[in-house]
Amino acid sequence: MYKPVLLMNIIYTIASFILVYLFAYTISPKYSAIYITPIIFVTYILPLIITIKILDNIKEKRNVMSLSVIAFIFMLFMIIRCIQRLSFYTTGYYMLEKAPGFILLILISTMFKLDVKNNGLCIGRLTPYRKSICIACYVMPIIPLIVMLLENINQLYISLNVAILSTGYYIVNSFFEEYLFRGLIFTWLSNTLLGTIWGGIVVQGILFGLWHLPHHIVASNINIALIHMLLATGIGILFGLIRAITGSIIVPIVLHTLWNTLITMVTATLKLDVIQISLFTSSYILSISLCWIIYKRIRVH
């Protein structure tokens, strides 16, 4: 069954790249992002489940990717993101690598017979410490965004329209970025001399911050770029901690989707000021601190 599954993933990867960029260039990047990306992902769910089961049954599996493969994947997608930004920046929809990117990551995992569960594609231990404390840590960063939406409730219908359009795209985005960063990169860095704390959590978070640099290579203010990358670094560190706590990318996927959807809803009707940015930055710092305490506690036990 391994070879048919490998062939299936090759076909899906090629087809998804062709479809996404064909629609982006012939119709619009927005159409490709909002409609084609989620459709491709939904059709890939069953092949994904089959692939995970086949990889799980392989006796001699790799625990981690090699440095050369990880570096190649990261640089490949950074180049793709820069090209997309240069090509589509006026449309507002220019990061289109999500669905084909995720399928490509699964294809590479299949080629190298990777233990995907060891790389976070599993249920894990969603609340390995006191359930109420874990859930509080998980949802704390999104509370300020919910408050901002409620304060501007008269514009909620506009925000909901934006959410309906973008949520499918953000779900796919979360699967792709979480498997890349809190999956493959986290696992590889955690198995280096840096270890889980400095490698899987801190360095991975910094790489996640740099990942957002292509958003700002055209028509962007340097201050906005720095704030965006610093916030993304903090998010990467938090999600890295949650990955270390739960042993899974499931909670980061859910939180990543909620964060992107809510921040899009907020910015659709509000222009964030320094106080608001400071508010949800503080919530992230507090959540990171609490997650760090939980991580240390479960390591002791």
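Sorted by average packing, counted as other Cβ atoms within 10 angstrom per residue and highest first, what order do 243-256, 104-117, 6-19 take? Write down the numbers at each step before the final one.
On the way: 243-256: 22.4, 104-117: 20.2, 6-19: 16.9.
Ranked by mean Cβ neighbours within 10 Å, highest first: 243-256, 104-117, 6-19.
How much length would be gained if the chain were fully extended between MET111 and ILE275, taking 0.36 nm per residue of separation minus their Cα-Cα distance, in nm to one decimal?
Details: separation 164, 0.36 × 164 = 59.04 nm, distance 4.80 nm.
Answer, rounded to one decimal: 54.2 nm.
In the Gaussian network model of the chain, springs joining C-alpha atoms below 10 Å, which of SER174, SER282, SER132 carries the largest mean-square fluctuation?
Ranking SER174, SER282, SER132 by mean-square fluctuation puts SER132 first.
Mind checking which lysines have their Cα closer than 22 Å to the Cα of LYS131? Skip sequence neighbours fewer than 8 apart in that chain.
LYS296
Between SER68 and THR91, what's the calculated FRET efficiency when r is the beta-carbon distance and R0 is 35 Å? Round to 0.05. If you can, show how the numbers build up before the last one.
Details: r = 35 Å, r/R0 = 0.99.
It comes to 0.50.
Using modelled backbone amide H atoms (1.01 Å from N, in-plane), which distant-in-sequence or interchain residues come within less than 5 Å of ARG62's amide H?
Distant-sequence amide H within range of ARG62: LEU114, ASP115.
Starting from the amide H of TYR89, placed 1.01 Å from N in the peptide plane, find each other amide H under 5 Å away whose residue is 5 or more places distant or on another chain.
none
Would you list the membrane-span-like helices of the chain, meaning whole DSSP H runs whose alpha-carbon atoms span at least 24 Å along their axis and whose mean Kyte-Doolittle value is at least -0.5? Could the numbers behind the result be given before it?
Values: long enough: 2-26 (36 Å, 1.45); 37-57 (29 Å, 1.54); 67-88 (31 Å, 1.97); 156-177 (29 Å, 1.04); 222-246 (36 Å, 1.87); 250-269 (30 Å, 1.43); 274-300 (39 Å, 1.19).
Membrane-span-like by this rule: 2-26, 37-57, 67-88, 156-177, 222-246, 250-269, 274-300.
How many angstrom separate the Cα center of the range 1-73 from the Cα center of the range 121-150?
Cα centroid of the range 1-73 versus Cα centroid of the range 121-150: 29 Å apart.
Eight or more residues apart or on different chains, and alpha-carbon atoms under 22 Å: count the Lys pairs in the range 1-119 matching that.
Total qualifying Lys-Lys pairs in the range 1-119 comes to 14.
Read-outs: derived from the displayed coordinates by stated rules, not from any lab. What you see is a predicted model, and the numbers here were worked out from it, not measured in a lab. Positions of Cβ are generated from backbone atoms using ideal geometry, with glycine treated the same way; all protein chains shown enter the neighbour counts.
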